[in-house]
Amino acid sequence: MQLQEKALKAREMSRHQEQGVDHSAHAAPADETGGFRGVFYGYLPCKEKDCDGFKMTLSLKPKSNYLLVTQYARESSREYYDKGKYAWDEKSRTLLLTSKKDESVRKFTIQDDSTLVLLNSDGKPMAGDQDDYTLRRSDKAKSREVHIH
């Protein structure tokens, strides 16, 4: 059965090559977001009293959709979800998340293809060490300790 499938695929491929059929368009990205997608993780500080910080997972999906999950760093803490659209500005290297819920905007600076740093509402760096506000892409991170699920 497997041998028959291989033979049929090979026959089909050679027939397409003879007819000059070009399949390279199928390999192109389906949307304008290109390769800037993935899941980013981080453990961020918290300014609230009795708060040890919170975990943040940002999933940048196709068609410029995102899912942001935040969870306070304490046992059996509830997860908070936010969905919306994302866009980035190549010139300023800024990622903008616009929430579907209330149209609020979160901003990140793009350090490289695997690192995002949270900015304040004015688009300026957060006070303190910028490493504390960093999200790293899951497939490039050295550790998965911050993974929520």
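Can you name the number of the only condition in (1) modelled with pLDDT of 80 or more; (2) more than 10 Å from the chain's Cα centre (by Cα) that Asn65 fails?
(2)
Answer yes or no as to whether Lys107 is farther than 18 Å from Arg137 by Cα and not polar (S, T, N, Q). Show your work before the answer.
Working: farther than 18 Å from Arg137 by Cα: no; not polar (S, T, N, Q): yes.
For Lys107, the condition - farther than 18 Å from Arg137 by Cα and not polar (S, T, N, Q) - is not met.
Evaluate the stretch 127-145: report whether one residue or more is at pLDDT below 90, over 18 Å from Asn65 (Cα atoms), surrounded by 13 or more Cβ atoms within 10 Å (Cβ to Cβ) and hydrophobic (A, V, I, L, M, F, W, C).
For the stretch 127-145, residues at pLDDT below 90, over 18 Å from Asn65 (Cα atoms), surrounded by 13 or more Cβ atoms within 10 Å (Cβ to Cβ) and hydrophobic (A, V, I, L, M, F, W, C): present.
The values are calculated or read from the model by the stated rules, or taken from the named source; none is laboratory data. A quick note: this is a predicted structure, and the numbers were derived from the prediction, not measured. FYI the Cβ positions are ideal-geometry reconstructions off the backbone, even for glycines, and counts take in every protein chain you see.
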